[in-house]
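**Q** Questions regarding the structure given below will be posed in turn.
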Amino acid sequence: MEPYRVKSVEEIPFLTAEERKDAILKADFNPYKMMASTVTIDLLTDSGCSAMSTKQWSAMMLGDESYAGSASFERYQSAVQDITGYKYVLPTHQGRACEKVLFNALVTEGSVIVNNNHYDTTKTNIALNKGIALDIAMVTDDTVDFPGNMDIDKLKEVLAEKGEQIPLVMITATNNKMRGQPVSMANIKAASSVCKAHGVPFILDGCRFAENSWFIKERENGYGDMTPREIAKEMFSYADGCMISAKKDANSNIGGVLAMNSEDLYERCVPYVIATEGHTTYGGLSGRDLEAVAVGLYEVLDESYLRYRRANLKFFEEELIRQGVPGVFPAGGHAIFLNANKLCPKIPADEFPGLTFAGLLYMESGVRCCDLGRLAFGPDAPDLIRLAVPRRVYTTEHLKYVARMIAQVTEKNKDRKSGLIMTKSPPHLKHLTASFKMK
Ligand code: F0G
């Protein structure tokens with residue numbers, strides 16, 4: 001059961017079918033263009049929409065808003081150092097700001113950045129610096145213990161071939177593109193030693209580092225008796241630094257962490273933080289935001305919280321299976337992914353079956369989710385729909401409702417033959433910005 005009780009509640013909107021139809025038409029069938037006031041259950045993302053705790057809210061009242069060297073920064077820095085073990089800490093306003101700073105400092109034209117899988121803003125920030133993002137995740141299915149792993153042989157090959165062009169190697173844990181699936185400690189350790197042998201910095205994208213730690217505890221030999229905090233610390237110890245979006249595994253509404261061991265790398269990042277985020281002791285955040293992150297980083301590693309988080313997602317997965325919904329199971333840490341081509345098997349791939357299903361689901365139920373298939377990740381990606389679960393926000397009754405609605409919409413549309421047409425196609429990040437209409 002939930003290791004917390006409810007102290008303050010927020011009403012959720014209920015619209016009529018007609019109002020929902022109107023809302024999705026106004027948003028050009030793009031869930032990212034919808035107004036939240038028209039959404040009943042919001043599973044668009046798990047980012048920045050977590051419920052904060054009473055401890056986080058009360059810490060915020062201690063926010064020191066001094067321009068430089070605030071007491072809030074000291075608390076934030078000390079939490080990051082304690083949890084990650086890294087010496088140098090730079091706050092940023094969110095994960096993609098860490099990417100921008102680090103890549104401005106390290107990436108030049110023709111640089112190749114290797115990762116198990118790059119998140120879409122990571123890839124875009126590399127492209128904006130004229131670098132190339134190379135994904136080398138293991139090719140596997142979701143039934144293995146760690147489907148998020150990097151292909152270490154491929155890493156060795158790429159470093160041997162293109163070593164001089166590679167300013168850093170990354171691992172994203174959990175692997176968002178790989179459906180939030182975890183990366184094993186052995187894989188992180190192996191990548192680390194290959195990078196060390198080539199003298200290439202190794203950086204962890206630890207947006208969901210706590211969820212990854214829990215999977216290691218549950219599934220990897222030798223970690224069952226360790227605390228999530230000890231496991232996280234070991235994970236970080238194999239890397240030279242990390243980027244964390246505090247909007248995910250720090251249960252905060254905003255914030256980022258860029259931390260590293262190298263003084264030289266820190267010095268190279270500092271001008272970009274100052275020029276684009278803010279002074280090195282606030283990095284685009286107010287003192288109160290730094291406080292919320294400092295508390296959240298500890299809370300997210302709490303064993304009873306992580307046990308519940310896993311159980312909450314597992315409950316949702318089992319509910320969908322019970323309703324006969326075709327998904328990618330076993331699911332990863334922060335979201336459930338469904339196969340669009342099984343939900344709407346007759347909609348042609350070029351008519352966006354995932355996005356079509358997301359639109360139909362919204363119209364039927366007020367549930368918002370997103371398409372994370374070929375529109376986001378390119379023509380070779382499978383057509384998947386993501387139902388991301390915000391932390392500490394929705395109860396099992398909410399998730400039961402979503403599962404029931406998905407089953408209902410699937411049944412109603414199993415013979416549907418047409419989907420959506422793209423009416424506006426911007427060059428970058430189409431899944432966030434493009435417009436569509438029903439065919
Ligand atoms: N890295 C990963 C693995 C992410 O999932 C995200 C964001 C970022 C970096 C960027 O962090 O949003 O704080 O700037 N993912 C969210 C999502 C937005 O919906 O999956 P940010």
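The values are calculated or read from the model by the stated rules, or taken from the named source; none is laboratory data. Predicted model only: the values in this text are computed from it and were never measured. Neighbour counts are summed over all protein chains in view; Cβ atoms, including those assigned to glycine, are modelled from backbone coordinates with ideal geometry.
**Q** So which residues in the stretch 311-328 are over 20 Å from Trp214 (Cβ atoms) and either of a type in the set (Ser, Thr, Tyr) or outside any helix (DSSP H, G or I) (or both)?
**A** Gln323, Gly324, Val325, Pro326, Gly327, listed by residue number.
**Q** Can you confirm whether Asp141 is charged (D, E, K, R), without any contact (Cβ under 8 Å) to a residue 12 or more places away in the chain and either assigned to a loop (DSSP other than H, G, I, E, B) or buried (at least 17 other Cβ atoms within 10 Å of the Cβ) (or both)?
**A** yes
**Q** Can you tell me which of (1) β-branched (Val, Ile, Thr); (2) free of Cβ contacts under 8 Å to residues at least 12 places away in the same chain; (3) closer than 13 Å to Gln56 by Cβ is the one Val293 doesn't meet?
**A** Going through (1) β-branched (Val, Ile, Thr); (2) free of Cβ contacts under 8 Å to residues at least 12 places away in the same chain; (3) closer than 13 Å to Gln56 by Cβ one by one, Val293 breaks only (2).
**Q** On to the next question. State yes or no: is Ala376 part of a helix (DSSP H, G or I) and not assigned by TED's automatic domain parsing to the domain that holds Ser252?
**A** So Ala376 fits the description; yes.
**Q** I need the full set of residues from the stretch 274-310 which are more than 22 Å from the chain's Cα centre (by Cα), in a helix (DSSP H, G or I) and buried (at least 19 other Cβ atoms within 10 Å of the Cβ), in order please.
**A** Answer for the stretch 274-310, where residues must be more than 22 Å from the chain's Cα centre (by Cα), in a helix (DSSP H, G or I) and buried (at least 19 other Cβ atoms within 10 Å of the Cβ): just Gly287.
**Q** Touching a Cys at 6+ places or on another chain (Cβ under 7 Å) and in a strand (DSSP E or B): which single residue out of Leu102, Leu90, Leu134 fits that description?
**A** Just a single option satisfies the conditions, and that option is Leu90.
**Q** Same structure again: Is there a residue in the stretch 329-346 that is surrounded by fewer than 21 Cβ atoms within 10 Å (Cβ to Cβ), in contact (Cβ under 8 Å) with a residue 60 or more places away in the chain and part of a helix (DSSP H, G or I)?
**A** no
**Q** Pairs under 6 Å by beta carbon, first residue of a type in the set (Asp, Glu) in the stretch 177-204, partner not in a helix (DSSP H, G or I), six or more apart or different chains?
**A** Cβ pairs passing all conditions: none.
**Q** Then there's this: What pairs come out if I take residues in the stretch 244-262 that are under 14 Å from Glu277 (Cβ atoms) and assigned to a strand (DSSP E or B) and pair them with residues that are of a type in the set (Ser, Thr, Tyr) and within 10 Å of the ligand (Cβ to nearest atom) whose C-beta lies under 6 Å away, six or more apart or interchain?
**A** Every condition considered, the pairs that remain are Gly256/Thr92; Gly256/Ser245; Leu258/Thr92.
**Q** Do we find that Val101 is more than 13 Å from the ligand (Cβ to nearest atom) and either buried (at least 23 other Cβ atoms within 10 Å of the Cβ) or within 16 Å of the chain's Cα centre (by Cα) (or both) in this structure?
**A** When the stated conditions are applied, Val101 does not pass them.
**Q** Going by what's in this entry, would Ala335 be described as under 24 Å from Asp120 (Cα atoms) and either of a type in the set (Phe, Trp, Tyr) or at pLDDT below 95 (or both)?
**A** Considered against the rule, which asks whether it is under 24 Å from Asp120 (Cα atoms) and either of a type in the set (Phe, Trp, Tyr) or at pLDDT below 95 (or both), Ala335 comes out as no.
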